[in-house]
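Notes for the one structure printed next.
The values are calculated or read from the model by the stated rules, or taken from the named source; none is laboratory data. Bear in mind the structure is a predicted one, so any value in this text is a computation, not a measurement. Here the Cβ is made from the backbone with ideal geometry for all residues, glycine too, and neighbour counts use every protein chain on show.
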Amino acid sequence: MTEAGERAADQQTAGLWLAAQHEIVRRAAHEVKNALNGVAVNLEVVRGRLARPGAPADSAAAFADTATGQLERVTAYVEALLALARPAREPADVPAVLHSLQPLLEAAAATHDIQLSLTTFEPATQATSADPQVTRLVLVAALLAATERGARAAGCHAALGEAVPGGGASAVVVRVARDGTAPTLDDEVAVAATRSGIHLERAPDALTLTFPAVAG
């Protein structure tokens, strides 16, 4: 690819990633606001109860516990939002990307009343030689497609597996399903994935993304 072609491809990827960011934040906003509201409401109850003369501390304990749980959710959402906004790390660690964005992806699915199940191995175990920005884009795009309105459940399973047919090396294989059917990637995202060496295979029951491993 020529230098001009590479610049054009990078600009296209940046535009697709921005659109994916907007979509995941739009979908997750309701759940994030609910968690923030839960913290505020329960802390206000705690304040009100403890302000009563002679009020026992245990009268507010349940509400304090609920506020703590909601605050933990908010913290997870904020950390995921920061991961979403930061530049992609190179080389991309596929499990780390999924772990870092999991709270927002689950919130985005919950907004459509979809149960999202993410099963993966621990981060820092397998990096891919695929472009890190494209890697992140493809993962998010596949999971957003799997959790579009109308589904009841969606699943994502990541594991070490065989590389792209003919490659011979190990790779990270991510399987994404939606109610037992395969989600569909946007054509531009699919082109970017193929250009970066990410193998796509759409079967009746799932979309399989195979990320080439870093050599050595």
- line: Quick count over segment 171-216, residues being in contact with a Leu (Cβ under 6 Å, 6 or more places away or on another chain) and polar (S, T, N, Q), is 0
- prompt: What residue, among those in segment 95-123 that are farther than 16 Å from G155 by Cβ and either hydroxyl-bearing (S, T, Y) or in contact with a strand residue (DSSP E or B) (Cβ under 8 Å, 6 or more places away or on another chain) (or both), is surrounded by the most Cβ atoms within 10 Å (Cβ to Cβ)?
  reply: S100
- prompt: Can you name the number of the only condition in (1) among the charged types (D, E, K, R); (2) modelled with pLDDT of 85 or more; (3) farther than 22 Å from T111 by Cβ that D186 fails?
  reply: (3)
- line: Per the list (1) surrounded by fewer than 17 Cβ atoms within 10 Å (Cβ to Cβ); (2) at pLDDT 90 or above, residue check on R73 breaks on (1)
Those residues of segment 177-210 which are in contact (Cβ under 8 Å) with a residue 40 or more places away in the chain and either among the small types (G, A, S) or not in a helix (DSSP H, G or I) (or both), in sequence order: P183, L185, D186, A192, A193, S196, G197, I198, L207, L209, T210
- request: Scan segment 1-40 for residues that are surrounded by 14 or more Cβ atoms within 10 Å (Cβ to Cβ) and of a type in the set (V, I, T) and jot them down.
  value: T13, I24, V25, V32, V39
Exclusive hit being at pLDDT below 85, under 12 Å from the mean Cα position of the chain (by Cα) and over 15 Å from H199 (Cβ atoms), set L101, L118: L118
statement: R86 fails exactly one of (1) in contact (Cβ under 8 Å) with a residue 12 or more places away in the chain; (2) within 30 Å of A142 (Cα to Cα), namely (1)
- prompt: Considering only residues of segment 124-153 that are farther than 21 Å from A213 by Cα and surrounded by fewer than 23 Cβ atoms within 10 Å (Cβ to Cβ), which is nearest to the chain's Cα centre (by Cα)?
  reply: L144
